[in-house]
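Structure record follows, encoded as structure tokens.
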Amino acid sequence: MKKKLFLSIYFSISSFAVAQVGINKANPYPSADLELGSTNKSLLLNRVPNTGAINAPINGMLIYDVSEQCVKAFQGGAWSKCFWKDNPSFTLVCSSASFTPTSATQGQSYTGTLTIPYTGGDGSAYPGQTFQANGLTATLAPGTFAVGNGTLQLSVTGFPISSGSAVFNITVNGSTCSTITLPVNPGTPIIPTNITIEGRYFIASVYDQDYSPFTIPTGPATTARPVAADGINETLVDLQGIIPTSGLTVYIPATATGSGTIGAWSQTINIPANLTEDGISRNITLSWNSQSYNASTKSITATLKSEVGTLNARKLDVNAGIGNDYLGVLLGKFLLPNSGAQKGYEVRIIAAIPDRMFNEPDVQGNFNHNFLYLPIQAEDNNVWLNHNLGADYTNVNGPNFNLGQKATSSSDYRAYGSLFQWGRRPDAHELITWTGPNNGTPVNGNTNTKSDVPANPLFIAVGGDWRVNPNSNLWDNSTSTNNPCPVGFKVPTRAQLSNYLNSNVINGASGASASKLGLTVPGIRDAGQGTLSSVYTGQQGFYWSSTTDAVANPAAYVLQIPTFGTANTTSGSSKSQGSSVRCIKE
């Protein structure tokens, strides 16, 4: 539907360069370039967080300002006040605005209030808003204006980043105070000058029943839903992304050139109702305890939590909720107390499915798992990930990143991905750098020392079970401790792999790559030697199930894709063997 609409507009414009364009209007008005003719639909303007989000505005622009919940225009070199306000006489008395306490100190917690008098109140309700400056957040809770004169009280909290001042730009009900200033005294920075932290956290939140084929995005991600792919429904993908009140442990990437201590810190920001699935605005808090670091530190540990109630992130459509920057939709941004240039920590919603370890450090503190996947309905009507875990096409930092690209053949090495030891978590032991259909190099080396919780990413080449104490439940479901699959997905059982084969008889490697899952033949990493098998690489594929072989223990079942013949799931393989993983929705 979307493509047809764009095409119809394109042909109208290209065929009649000097004529008018009508949408649902056969004969548009001669003096109008564009006329909408629907009797039961409306024009939906761009919804931006606030006017500051528009770079280099020009006269004639028209937007919907989410912060003030109204339409504005850029005219005469400035943004207008809200259109169609019932009370245009409302005015903030900026000169009488005051802070209590009257000053803050760099690097120290500040908790206070900002009081702003106003005139022309009409007794109407106003929405909650937040404003940020120099590490501080001023929050206006929803309320009701007095009739006539009154005051607004905003709570101000945070840790000032730099000394000097915090200058707030406050706009309420179309009236603006652009330079409300809180003095900030010199102090000790929370984050010393020899370390910088900055990053983002992704929340996968999806609701889509028509997502295939995936269209490579050409613009920013939006919360629009539904967006038709081809108008044909597939299996519903319904994944609610949340930030719980109990908190999530997050790892903020850090770059350090020395050692020291980061002071304790926290900041709370407001998430507007239009970015939540239940339409409830929530406050979320990012915080960390004091912690030491050195030149090898790659992240600091923090907690992200929702206040009062669980934040249910807006569910996104797959073809709208990724964006051409592959960053999804910005949910909120924290201002981090770095010394010098201010940097942030973004919390974003994305329709694509982030890797289990996306933007999180492995056991050595490296960030090697920035993979994104798409859901796909396979021949068995189940929802799977569209690529093997770790495939080059899913690596947002790699030159071959292309979410919508299916394997071009069974030996398309860009779709090979990682080779996991059974039951082991994604700690980088599984990563492979593929350079051709028959060539690849493990990112990390080998060891012959068994460990239940490996402290390094070395491949444990022992020929049997890589663990000291055998455990057959490590990959049971999506909440299993070592589950390598993204949230809501898991390693399929032997029965689920059999069911897939029963729905789509895979006849050799060519049949596997032609299936909707586009299965490939990366081969294996040898259980005893830790080398890539010269016999199987580019010839056969081995896909782990979560089911172990009780008879041939230590072993687990794999889906084997031979060069010729029918694939089967009856073979058991050593748990130390490195094999592919394709995840199924739980």
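The values are calculated or read from the model by the stated rules, or taken from the named source; none is laboratory data. Keep in mind that this is a model prediction, so the values were computed, not measured. Ideal geometry is used to build each Cβ from the backbone, glycine not excepted, and the neighbour counts take in all protein chains shown.
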Practice problem: Test T261 against the criterion of being among the hydroxyl-bearing types (S, T, Y), touching a strand residue (DSSP E or B) at 6+ places or on another chain (Cβ under 9 Å) and surrounded by 17 or more Cβ atoms within 10 Å (Cβ to Cβ), and give yes or no. | Solution: no
Quiz item: Going through the stretch 271-303 one residue at a time, which ones are more than 18 Å from the chain's Cα centre (by Cα) and under 30 Å from Y64 (Cα atoms)?
Solution: A273, D278, G279, I280, S281, R282, N283
Quiz item: Of the residues in the stretch 483-503, how many are part of a helix (DSSP H, G or I) and surrounded by 22 or more Cβ atoms within 10 Å (Cβ to Cβ)?
Solution: 2
Quiz prompt | Residue list for the stretch 352-410, restricted to those being within 16 Å of L519 (Cα to Cα) and among the acidic types (D, E) | solution = E379, D380, D392
Quiz item: Residues in the stretch 141-150: is at least one surrounded by 19 or more Cβ atoms within 10 Å (Cβ to Cβ) and closer than 30 Å to V250 by Cβ?
Solution: no
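Is the stretch 504-518 home to any residue that is at pLDDT 85 or above, hydrophobic (A, V, I, L, M, F, W, C) and either part of a loop (DSSP other than H, G, I, E, B) or more than 18 Å from A407 (Cβ to Cβ) (or both)?
yes
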Exercise. Using the structure shown, decide if P160 is buried (at least 20 other Cβ atoms within 10 Å of the Cβ) and either touching a residue at least 12 places away in the same chain (Cβ under 8 Å) or not basic (K, R) (or both).
Key: yes
Practice problem: Determine which member of the set R414, R424 is assigned to a loop (DSSP other than H, G, I, E, B) and either crowded, with 18+ Cβ neighbours inside 10 Å or not assigned by TED's automatic domain parsing to the domain that holds T547 (or both). | Solution: R424
Quiz item: So which of N444, N477 is within 22 Å of A527 (Cβ to Cβ) and of a type outside the set (A, V, I, L, M)?
Solution: N444
Quiz item: So which pairs qualify, if the first residue must be in the stretch 362-374 and at negative phi and among the polar types (S, T, N, Q), the second must be assigned to a strand (DSSP E or B) and surrounded by fewer than 22 Cβ atoms within 10 Å (Cβ to Cβ), the Cβ gap must be under 7 Å, and the two must be at least 6 apart or on different chains?
Solution: N370/N395
Quiz prompt | Every pair of residues 6+ apart whose Cβ atoms lie under 7 Å, when the first sits in the stretch 226-241 and is in contact (Cβ under 8 Å) with a residue 12 or more places away in the chain and under 15 Å from A378 (Cβ atoms) while the second is buried (at least 17 other Cβ atoms within 10 Å of the Cβ) and of a type in the set (V, I, T) | solution = T235/V383; V237/V206; V237/V383
Quiz item: What are the pairs, 6+ residues apart or on separate chains, where a residue within the stretch 436-463 that is in the same structural domain as T481 (by TED's automatic domain parsing) has its Cβ under 7 Å from a residue that is assigned to a strand (DSSP E or B) and exposed (fewer than 14 other Cβ atoms within 10 Å of the Cβ)?
Solution: G440/T433; T441/T433; V443/T433
Exercise. Kindly provide the set of residues from the stretch 233-274 that are part of a loop (DSSP other than H, G, I, E, B) and either modelled with pLDDT under 85 or not assigned by TED's automatic domain parsing to the domain that holds V347 (or both), ordered by number.
Key: N233, E234, T235, L236
Self-check item: Test: residue in the stretch 246-255 that is touching a helix residue (DSSP H, G or I) at 6+ places or on another chain (Cβ under 8 Å), surrounded by 14 or more Cβ atoms within 10 Å (Cβ to Cβ) and more than 23 Å from F489 (Cβ to Cβ)
Solution: no
Quiz item: For the stretch 290-401, which strands (runs of 3 or more DSSP E) that fit wholly inside it have 3 or more residues that are closer than 24 Å to C485 by Cβ?
Solution: 299-306, 343-350, 375-377, 383-385
Self-check item: Residue in the stretch 384-399 that is modelled with the lowest pLDDT, counting only those that are among the aliphatic types (A, V, I, L, M) and crowded, with 23+ Cβ neighbours inside 10 Å
Solution: L385
Quiz item: Which condition does E430 not pass, out of (1) surrounded by fewer than 19 Cβ atoms within 10 Å (Cβ to Cβ); (2) within 18 Å of P457 (Cα to Cα); (3) under 25 Å from the mean Cα position of the chain (by Cα), if it passes all the others?
Solution: (1)
Quiz item: Out of (1) touching a Pro at 6+ places or on another chain (Cβ under 6 Å); (2) closer than 17 Å to Y110 by Cβ, what's the single condition that is false for P142?
Solution: (2)
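Being assigned to a strand (DSSP E or B) and touching a helix residue (DSSP H, G or I) at 6+ places or on another chain (Cβ under 6 Å) is the filter; apply it to the stretch 556-574 and report the residue that is modelled with the highest pLDDT.
Y557
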Practice problem: Take the stretch 101-138 and flag every residue that is in a strand (DSSP E or B), buried (at least 18 other Cβ atoms within 10 Å of the Cβ) and within 32 Å of the chain's Cα centre (by Cα). | Solution: Y110, Y126, Q129, T130, F131, Q132, A133, L136, T137, A138
Practice problem: Can you give me the number of residues within the stretch 289-304 that are surrounded by 13 or more Cβ atoms within 10 Å (Cβ to Cβ) and of a type in the set (G, A, S)? | Solution: 2
Quiz prompt | Residue list for the stretch 433-445, restricted to those being assigned to a strand (DSSP E or B), surrounded by fewer than 18 Cβ atoms within 10 Å (Cβ to Cβ) and not small (G, A, S) | solution = T433, T435, N439, T441
